[in-house]
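Here's the structure we're looking at; comments come further down.
The values are calculated or read from the model by the stated rules, or taken from the named source; none is laboratory data. None of the values given here were measured: they were computed from a predicted structure. FYI the Cβ positions are ideal-geometry reconstructions off the backbone, even for glycines, and counts take in every protein chain you see. Quick note on the areas: whole protein, heavy atoms, side chains included, nothing else; ligands and nucleic acids left out. Shrake-Rupley method; radii C 1.70, N 1.55, O 1.52, S 1.80 Å.
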Amino acid sequence: MLQRPWRAAIGELRLMECAMVHGFPLRRGRRLAPGWWWSATTGRLVGYGSAAMRDAVMMLDQNPQVAGMVSRPLEFVWEERGRIVTHTPDLAVSMADGGIRLVDCPGSGGPSARLVGRARVVGACARDAGWEHRFADTADPVVLANARWLSVYRHPRCSVTIPASRLRAAFAKPTTLGKGALRLGDPIATLPAVYHGLWNDLLRMAWDRPLSEETPVTAVPTGRRKELEQ
């Protein structure tokens, strides 16, 4: 791992191409082991080390304003009160508007005092680069539950049998998810494409209400991913 002064490193970093500088340890007592999330946004794997981080990656992957993300691509090292301190932000995220965010995922208990202190230093470095640092948002439980269900259908293979134009036509006027899927054919075959359209923002619904066959769904003018345009 190469160490460089921050301002010198900024001009050389190809942040979205960086590999993880540190992996995630396997710890006893954790409900979730470290793993990998296949990102529909980038088509690449993003590592996570906790349930909170996995959920943060999932919600970022669904966010149409996110253009890319990588896990633990850089480590900050500085001296504080005569000792060396290090911090590796959990994620780096590129936004559609060109912005860069460094994101930490502390979990439902919120950031510890130690993490808050380190975030001040990392935040100052981020601002110096024209970036920002933030803690991952805590999503509403219903939104999370809907995202977990729809994320199963995030891969483009779920939409190959039904063109985007047919999806839009089926939901051109607000209709329930079940009725729209039936218009497209056998729901067993068509529901994956409908779920894929909801994940990709080709179709819209109220994310803060539990997803069901009675969920009102409507088409939007354009989807956020090019592979939907078939």
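Table for the structure above
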quantity: Solvent exposure, largest accessible area first (probe 1.4 Å, DNA, RNA and ligands not counted), of Val21, Val93; calculated: Val21, Val93
quantity: Percent accessible area from carbon and sulfur atoms, region 1-46, protein chains only, probe 1.4 Å; calculated: 51 percent
quantity: Order of exposure, largest accessible area first, which applies to Val66, Val121 with probe 1.4 Å; calculated: Val121, Val66
quantity: Solvent-accessible surface ranking, highest first, for Lys179, Lys173 at 1.4 angstrom; calculated: Lys173, Lys179
quantity: Nitroxide proxy distance, nm - points 7 Å out along Cα→Cβ at Leu32 and Arg120; calculated: 3.0 nm
quantity: Solvent-accessible area per residue for the chain (1.4 angstrom probe, square angstrom); calculated: 55 Å²
quantity: Nitroxide proxy distance, nm - points 7 Å out along Cα→Cβ at Ser165 and Arg81; calculated: 6.7 nm
quantity: Heavy-atom accessible surface of region 63-135: percent carbon and sulfur, 1.4 Å; calculated: 45 percent
